[in-house]
Amino acid sequence: MSILQVADSSFDSEVIKCNTAVLVDFWAPWCGPCRMVAPVINEIADEYKNIIKVVKVNTDDNPMIATEYGIRSIPTIMIFKNGIRVDTVIGAVPKSTLTNILEKYIKK
């Protein structure tokens, strides 16, 4: 599974200019709920590897992009499609919640 760590400097090229759906996990190493949802994000990255792109943004290391998207709580998971944010989920949620949301935005 390949989850790319995206920085302020690479967010535009890796997320906004991507022509597939992108799941962005905004997280921080000290965040307990972020650690709880990490295995779910890894499973989704593995199961959808040929359909969507999954990236992580460490909000401590990348405050510009976190501020730009109004990240106030983590984990925050955003779905981007064609460079536009189409959905947001805040908090550690079950895998079924994330997959149901993803299914709305991907073409099979």
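Per-structure values
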| quantity | calculated |
| --- | --- |
| Two-site label geometry, ARG72 and THR20: point separation in nm, points 7 Å out along Cα→Cβ | 3.4 nm |
| Average Cα contact separation per residue, segment 5-70, under 8 Å, 6 or more apart, as relative contact order % | 49 percent |
| Segment 4-105, dipole about Cα centre (Lys/Arg Cβ +1, Asp/Glu Cβ -1), debye to the nearest 20 | 220 debye |
| R0 of 22 Å, Cβ-Cβ distance ASP61-SER2: FRET efficiency to nearest 0.05 | 0.70 |
| Förster radius 35 Å - calculated FRET efficiency between ILE90 and SER13 (Cβ-Cβ, nearest 0.05) | 0.85 |
| Within the chain, helix-based [θ] at 222 nm, where runs of 4 or more DSSP H residues each add -39,500 (n - 2.57), nearest 500 | -9000 deg cm²/dmol |
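Just so you know, all these numbers are worked out from the coordinates, no wet-lab data involved. Every value quoted in this text rests on a predicted model; they were computed, and no experiment measured them. Note that each Cβ is placed from the backbone with ideal geometry, even for glycine, and that neighbours are counted across all protein chains shown.
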